[in-house]
1. Determine which single condition Arg29 fails, assuming it passes every other condition in (1) more than 22 Å from the chain's Cα centre (by Cα); (2) within 12 Å of the ligand (Cβ to nearest atom).
2. Glu110: within 16 Å of the ligand (Cβ to nearest atom) and among the charged types (D, E, K, R), yes or no?
3. Taking the stated definitions as given, is Val307 farther than 29 Å from Asp222 by Cα, touching a Ser or Thr at 6+ places or on another chain (Cβ under 9 Å) and of a type in the set (A, V, I, L, M, F, W, C)?
4. Can you confirm whether Ala170 is within 23 Å of Glu349 (Cβ to Cβ) and either surrounded by fewer than 16 Cβ atoms within 10 Å (Cβ to Cβ) or touching a helix residue (DSSP H, G or I) at 6+ places or on another chain (Cβ under 7 Å) (or both)?
5. How many of the residues making up the range 151-193 are within 12 Å of the ligand (Cβ to nearest atom), among the β-branched types (Val, Ile, Thr) and within 19 Å of Glu261 (Cα to Cα)?
6. Report whether or not Glu145 is surrounded by fewer than 23 Cβ atoms within 10 Å (Cβ to Cβ), acidic (Asp, Glu) and near the ligand (Cβ under 10 Å from one of its atoms).
7. Only residues that are away from the ligand (no atom under 11 Å from the Cβ) and in contact with a Ser or Thr (Cβ under 9 Å, 6 or more places away or on another chain): list them for the range 48-64, please.
8. How many residues does the range 90-105 hold that are within 24 Å of Val307 (Cα to Cα), more than 9 Å from the ligand (Cβ to nearest atom) and assigned to a loop (DSSP other than H, G, I, E, B)?
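The values are calculated or read from the model by the stated rules, or taken from the named source; none is laboratory data. Remember, predicted model here, so these are calculated numbers, not experimental data. Heads up, the Cβs are rebuilt from the backbone with ideal geometry, glycines too, and the neighbour counts pull from every protein chain shown. Ligands, DNA and RNA are stripped out before the accessible areas are found, and what is left, the full protein with its side chains, is counted by its heavy atoms. Shrake-Rupley method; radii C 1.70, N 1.55, O 1.52, S 1.80 Å.
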Amino acid sequence: MRKVTVGFIGAGQISELHARGYEDNPTGRLVALADANPEVVRHRAQEYAIETTYTDYHDLLSDPGIDAVEILLPHHLHLPVTLDALAAGKHVSLQKPMALSLDEADRMIEAAASSGVLFRVFENFRTYEPYMRAKAMLDAGEIGEPLSIRVKTISGRGVGGWIQPVEAKAWRHAPTTGGGPPAIIDHGYHLTSIVLFFMGPVETVHAMADTRAAGTADYTGDPAMVIWKHKDSEKYGSWEITHAPDLMVRTDFYAGDEWLEVTGTRGILWVMRCSGNLLGEAPLIMHRDGATHRYHDMETNWSDSFVRGAREFTSAIQNGRQPDLDGPEARHALAFSLAAMKSALDHREVTLD
Ligand SMILES: NC(=O)c1ccc[n+]([C@@H]2O[C@H](COP(=O)([O-])OP(=O)(O)OC[C@H]3O[C@@H](n4cnc5c(N)ncnc54)[C@H](O)[C@@H]3O)[C@@H](O)[C@H]2O)c1
């Protein structure tokens with residue numbers, strides 16, 4: 001079968017990891033780049049050995065040689081570019097978070113439904129092997145019936161990792177382009193996605209956060225405490241978000257890390273790392289029947305989740321399959337993040353529906 005031809009729209013920092021997903025990809029090939037910044041296009045084209053480049057993404061969408069696009073843009077551009085790409089008949093993989101609002105998410109879902117092409121939101125924690133293994137263990141009943149989940153995200157002083165470009169930081173923090181406090185909306189979307197993945201839909205959310213800078217670019221979303229109840233059940237969860245400025249975080253990427261704990265009727269499961277390697281612990285730990293098991297036999301390099309994600313996208317196009325996250329699931333993760341933001345601002349419980 002012919003390989004799916006893919007173009008990137010947006011060739012900023014995260015495109016580095018997406019590009020790795022097309023090295024030796026058996027079902028897809030990266031063939032073009034579009035970025036509004038000519039200098040970025042030039043150096044990325046060299047780096048990824050791509051000949052076809054554009055500074056206006058509409059030109060990439062008019063290129064009949066391109067089957068699919070990965071949208072890797074600031075959040076306020078997710079809606080217009082997704083709608084244009086679907087209208088141009090290109091399969092779409094859209095970086096998280098899906099959109100700035102639920103109205104925007106609904107417009108994307110509607111457009112995707114009538115487009116006849118594949119639409120997915122890419123949230124790479126779901127293709128990170130320690131999370132995939134944990135999900136498989138939960139589904140197999142290894143710790144019995146899951147009862148509760150506890151999540152911790154922490155940022156600090158990165159050692160060995162990426163430095164975020166000033167421009168990338170600026171659009172993330174500006175409410176009109178980033179969509180809200182990054183720890184809850186941008187990075188937070190990964191965690192709301194993972195909570196849904198492990199525990200199912202969320203019904204109500206209650207959050208407390210330092211909101212003194214709300215509405216300005218200084219509002220980061222940390223510190224915060226978020227608690228919730230899962231839909232139609234007595235299952236609960238909590239999520240603590242902290243920034244510890246002097247904490248050294250070993251990492252190859254961002255200056256942060258996360259870990260989480262699921263308690264079941266028979267045991268407890270921990271995923272101990274993700275984007276960083278703060279604790280240096282085994283990536284997956286299970287306690288059951290009086291014994292604690294540490295699992296090391298898995299890929300822990302965070303970039304591997306992007307490689308899997310790209311391959312999943314192009315093989316799903318070839319096979320007519322819907323990969324994670326479909327529109328409604330991606331919308332639910334967004335609703336969860338937005339509810340946490342709203343609850344913290346309004347000092348009240350927020351129901352997702
Ligand atoms: N863990 C993850 O999965 C992860 C990590 C980082 C970023 N992201 C997501 O990836 C997306 C991009 O983030 P980033 O860190 O690469 O940002 P970035 O700022 O490094 O790159 C964005 C790029 O978009 C380009 N751009 C802006 N407007 C454009 C337009 N109209 N047309 C074409 N190009 C345009 C900019 O020139 C820039 O090169 C965001 O959705 C972000 O949330 C995800």
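1. Result: Arg29 passes all but (2).
2. Values: within 16 Å of the ligand (Cβ to nearest atom): no; among the charged types (D, E, K, R): yes.
So Glu110 does not fit the description; no.
3. Values: farther than 29 Å from Asp222 by Cα: yes; touching a Ser or Thr at 6+ places or on another chain (Cβ under 9 Å): yes; of a type in the set (A, V, I, L, M, F, W, C): yes.
Here the answer is yes, as Val307 does meet what is asked.
4. Working: within 23 Å of Glu349 (Cβ to Cβ): no; either surrounded by fewer than 16 Cβ atoms within 10 Å (Cβ to Cβ) or touching a helix residue (DSSP H, G or I) at 6+ places or on another chain (Cβ under 7 Å) (or both): yes.
Against the criterion (within 23 Å of Glu349 (Cβ to Cβ) and either surrounded by fewer than 16 Cβ atoms within 10 Å (Cβ to Cβ) or touching a helix residue (DSSP H, G or I) at 6+ places or on another chain (Cβ under 7 Å) (or both)), Ala170 does not qualify.
5. Here the count works out to 0.
6. Numbers: surrounded by fewer than 23 Cβ atoms within 10 Å (Cβ to Cβ): yes; acidic (Asp, Glu): yes; near the ligand (Cβ under 10 Å from one of its atoms): no.
So Glu145 does not fit the description; no.
7. Hits for the range 48-64 are Tyr48, Asp63.
8. In the first step, residues of the range 90-105 are kept if they are within 24 Å of Val307 (Cα to Cα); the result is 90-99.
Filter again for more than 9 Å from the ligand (Cβ to nearest atom), leaving 90-93, 98-99.
With the extra rule that they be assigned to a loop (DSSP other than H, G, I, E, B), the set shrinks to 90, 98-99.
Here the count works out to 3.
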